[in-house]
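The values are calculated or read from the model by the stated rules, or taken from the named source; none is laboratory data. Bear in mind the structure is a predicted one, so any value in this text is a computation, not a measurement. We place every Cβ from the backbone using ideal geometry, glycine too, and count neighbours over all the protein chains shown. These area figures cover heavy atoms from the full protein model, side chains too; ligands, DNA and RNA do not enter into them. Shrake-Rupley method; radii C 1.70, N 1.55, O 1.52, S 1.80 Å.
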Amino acid sequence: MITTKACLFDLDGVIVDTAVYHFQAWRRLANELGFDFTEHQNEQLKGISRMESLDLILKWGNVTLSEEEKIEWATRKNAWYLELVQQMTPNEVLKGVPEFLRSLRANGIKIALGSASKNSRLILEKIKMIEFFDVIIDGNDLTRGKPDPQVFLLGAEATGCKPANCVVFEDALAGVQAGKAGGMKVIGVGDAKILHEADFVIKGFEEMTIERLF
Ligand code: BG6
Ligand code: MG
């Protein structure tokens, strides 16, 4: 019996590898403020909202800014990030994603996006994937960020499915925790050591089949 009715996908790092662009833009910000941070530290920024990311980065650099200055720097970072996003093409969709989404469609399973990003629609347009999504919940709809389950609970509700009948795909620890807190099955995408709280972890969507949802 098929119990899964909806799959909820994170965007950055699951559908497309924008994490590298976020990293470049945040590093540019840090460098302009006179410090640097590592790829290892960058892991902590995955799944976290823009302003929360900025707060963490400023803490790493021991930099204190006023609220107004923070908004200015976050706006600057987003402009640098969008310069990179504008150059994106459908070639950047991660391997196996379109095939898997097509198989969900063919099996009558709803497809939702659950992303912290306020740029999600633009990115989905650039990579020509927006048509796949029945529901889009993103940073513009949220009052609480991951690991709070709000993003996935709103996604489940909009698809008309109970959380217990939803499967979340996440590349960030905060996102895995959000899905679990929402009472959903969570499949990690990426490093099993980092995503150990997921039900199981895949390296990429070539490994994913409909059967593994149940
Ligand atoms: C998440 C990313 O998907 O979106 C984070 O993992 C990012 O790194 C967050 O900070 C917010 O994105 P944006 O596009 O609104 O700055
Ligand atoms: Mg992500």
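Probe of 1.4 angstrom, ligands and nucleic acids ignored: what's the accessible area per residue over region 104-214, in square angstrom? Before the final figure, lay out the partial values.
Working: 4920 Å² over 111 residues.
Normalised by residue count, the accessible surface of region 104-214 is 44 Å².
Only DSSP H runs of four or more residues enter the estimate; each adds -39500 (n - 2.57), and after division by the residues of the chain the mean residue ellipticity at 222 nm equals -12000 deg cm²/dmol. Near ILE136, the amide H atoms lying under 5 Å from its own belong to LEU113; only residues 5 or more places off or on other chains count, and H is placed 1.01 Å from N.
Look at the alpha carbon pairs under 8 Å that are at least 6 residues apart: their mean separation over the length of region 1-149 gives a relative contact order of 34 percent.
Mind checking the per residue accessible area of region 19-85 for me, 1.4 Å probe, whole number of Å²? The partial results should precede the final answer.
Numbers: 3700 Å² over 67 residues.
Each residue of region 19-85 exposes 55 Å² on average to a 1.4 Å probe.
Expressed as a whole percentage, what fraction of the accessible surface of region 92-214 belongs to carbon and sulfur atoms when a 1.4 Å probe is rolled over the protein heavy atoms? Of the solvent-accessible surface of region 92-214, carbon and sulfur hold 51 percent. Pairs with C-alpha atoms separated by more than 32 Å, drawn from the list LYS70/LYS110; LYS95/LYS146; LYS146/LYS203; LYS5/LYS70; LYS59/LYS110; LYS5/LYS77, are LYS70/LYS110; LYS5/LYS70; LYS59/LYS110; LYS5/LYS77.
Excluding same-chain neighbours fewer than eight residues apart, the aspartates and glutamates reachable from LYS126 by a Cα-Cα span under 18 Å are ASP10, ASP12, ASP17, GLU83, GLU92, ASP134, ASP138. Per-residue packing, averaged as other Cβ atoms within 10 Å, sorts the ranges 204-213, 8-17, 76-85, 183-192 into the order 8-17, 183-192, 76-85, 204-213, beginning with the highest.
In whole percent, and with a 1.4 Å probe on the protein chains, what portion of the accessible area of region 19-85 is carbon and sulfur? Mind dumping the intermediate values first?
On the way: 1810 of 3700 Å².
The computed percentage sits at 49.
Computed from Cα positions, the angle between helix 19-32 and the longest principal axis of the chain comes to roughly 10 degrees. When the Cα centres of region 151-175 and region 1-48 are compared, how far apart do they sit, in Å? Here the two parts' Cα centres lie 18 Å apart. Here the Karplus curve 6.51 cos²θ - 1.76 cosθ + 1.60, taken at θ = phi - 60°, turns the phi angles of region 78-84 into couplings of 5, 5, 5, 4, 5, 4, 6 Hz, with x standing for Gly and Pro. Between VAL20 and ASN78, the contour length at 0.36 nm per residue exceeds the alpha carbon distance by 19.5 nm.
Taking other residues whose beta carbon is less than 15 angstrom from the beta carbon of MET88, and scoring Lys, Arg as +1 and Asp, Glu as -1, yields -2. Here each label is just a point 7 Å from Cα along the line to Cβ, and for LEU122 and LYS193 those points are 3.5 nm apart.
Each of the peptides 104-113, 27-36, 145-154 was scored by the mean count of other Cβ atoms within 10 Å over its residues; in descending order, highest first, they stand as 145-154, 104-113, 27-36. Within a straight-line Cα-Cα reach of under 13 Å, LYS193 can be paired with the following aspartates and glutamates, leaving aside sequence neighbours fewer than 8 residues apart in one chain: GLU43, ASP171.
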